[in-house]
Amino acid sequence: MKKIAGYVKTTYHSIVNRLLPSSFYPTRSFNLNEVSMDDLIRRAANDLAAAGNVVALTGAGISTESGIPPFRGKGGLWEKFDPMEIAHIDALMRDPAKVWNILVKEMKEIVDTATPNDGHKGLAKLEKIGKLKTVITQNIDGLHQAAGNTDVIEFHGNFAWQRCMDCSRKYETRKVEVAEIPPRCGCGGILRPDAVFFGEMIPQDAMWRSRQAASDCDLMLVVGTSAVVQPAALMPVYAKETGAKIIEINPERTPLTAEISDYLIMGKAGEVMNQIIQTLEQKI
Ligand code: OAD
């Protein structure tokens, strides 16, 4: 009952918050203007030092410093393209060449060469020092694994592999030739990213494990996500329900900021993570 009430409340708030200008959002625990960045970094380092089971939920924002564009906001993909036209499963089934030409080919060029930035490296460091257990990521770029995190739940699948739409054989994306669009499998079927398109189910294992990790953690770092896409945006709600602290790192407020997050550290993931790690290392 409590969970349903929480879900309804969150859904209501995310709808309402999207209708409001960001300056209208109330700030939950304190007035951000009165708290300096240094205080927030110290607070986060203290909270991490005290935590026993930390989980991170990440989104496109953590990869922008690696040169991968986000979906929403300034310079976001959905500013240029309608996601329903190129990122919906119906669009892929209707016109795979169009989806490859507009979205997948460009994404392949960027992801093939992208490398982890300080945001990814900071989360890997947190795992190495025994704090961070699991990363739940909405990203499909594989950069958390490249940085060294070993338990990464890919909520929206991944871009490392392409899958034949006919026989399901998989091909490593880096090795797929794009001279002909759409690229095809040996059987003649069309290849598609092994990632989740709008209108498709979240892989069951990812959904179940994420929910479990969220419910078990005592601190969740929510880094670089606009938190408007469900069910990923529910993970901090599940964490909150079982008493976890929620720390957001994002240059912008999100629908979580007012009601779910304990505090928001307004800044870029790489810069903020560097400062948190530095401060934390002095404590442990
Ligand atoms: P969005 O593009 O919706 O949001 C990116 C977030 O990152 C925004 O809140 C930005 O303010 C923030 N941001 C930008 N630069 C940042 C930086 N340097 N450091 C930290 N934060 C930064 O991306 P997601 O929330 O990941 O789904 O989007 C969720 C899902 O929507 C994606 O997985 C994708 C998309 O449509 C599918 O394709 C199924």
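Every number here is computed from the coordinates shown, using simple stated rules; none is lab data. Worth saying up front: this structure is predicted, and the values here are computed from it rather than measured. Positions of Cβ are backbone-derived with ideal geometry, glycine not excepted, and every protein chain shown enters the neighbour counts.
Roughly how tilted is helix 269-283, in degrees to the nearest 10 and between 0 and 90, from the longest Cα axis of the chain? Approximately 40 degrees, to the nearest ten. Can you grab the distance from the C-alpha centre of segment 80-117 to the C-alpha centre of segment 139-212, Å, no decimals? Each part's Cα centre sits 12 Å from the other's.
Using the Karplus relation 6.51 cos²θ - 1.76 cosθ + 1.60 with θ = phi - 60°, the per-residue 3J(HN,Hα) values for segment 46-51 come to 4, 5, 5, 4, 7, 7 Hz, with x marking Gly and Pro. Taking the Cα centre of the chain as reference, the dipole from Cβ charges on Lys and Arg (+1) and Asp and Glu (-1) amounts to some 380 debye. Listed values for segment 208-213 are Karplus-derived 3J(HN,Hα) couplings in whole Hz (6.51 cos²θ - 1.76 cosθ + 1.60, θ = phi - 60°), namely 5, 5, 5, 4, 5, 4, and x replaces Gly and Pro. Answer with one residue from V178, A232, A146: the one whose Cα lies farthest towards the positive end of the charge dipole of the chain, charges on Cβ with Lys, Arg +1 and Asp, Glu -1. Going by the charge dipole, the pick is A232. Normalised by residue number, the volume inside the convex hull of the Cα atoms of segment 146-197 is 95 Å³ per residue.
In segment 150-284, one over the average inverse separation of all distinct C-alpha pairs is 17.4 Å, which is the Kirkwood hydrodynamic radius. If a spin label sat at a point 7 angstrom from the Cα of D151 along the line to its beta carbon, the backbone N atoms of segment 209-240 nearer than 13 Å would be those of 209-219. Rounded to 0.05, the FRET efficiency of the D39 and T113 pair, given R0 = 45 Å and the Cβ-Cβ distance, is 0.75.
Pairs of Cα atoms in segment 78-198 fall into 5 Å distance bins, from 0 up to the last occupied one, in shares of 2, 11, 19, 21, 17, 13, 9, 5, 2, 0 percent. For E177 and Q204, the FRET efficiency from 1/(1 + (r/R0)^6), where r spans their Cβ atoms and R0 equals 30 Å, is about 0.40. Restricting attention to the chain, close to 25% of DSSP beta bridges with both partner residues there are antiparallel. Taking the average, over residues, of other Cβ atoms within 10 Å as the packing measure, peptides 78-84, 96-102 rank 96-102, 78-84 from highest down. Sorted from greatest to least, the principal axis extents spanned by the alpha carbons of the chain come out as 59, 39, 35 Å. Here is the link list: K125/K268; K240/K283; K74/K98; K74/K131. Which ones come out longer than 29 Å on Cα distance? Pairs exceeding the cut-off: K74/K131.
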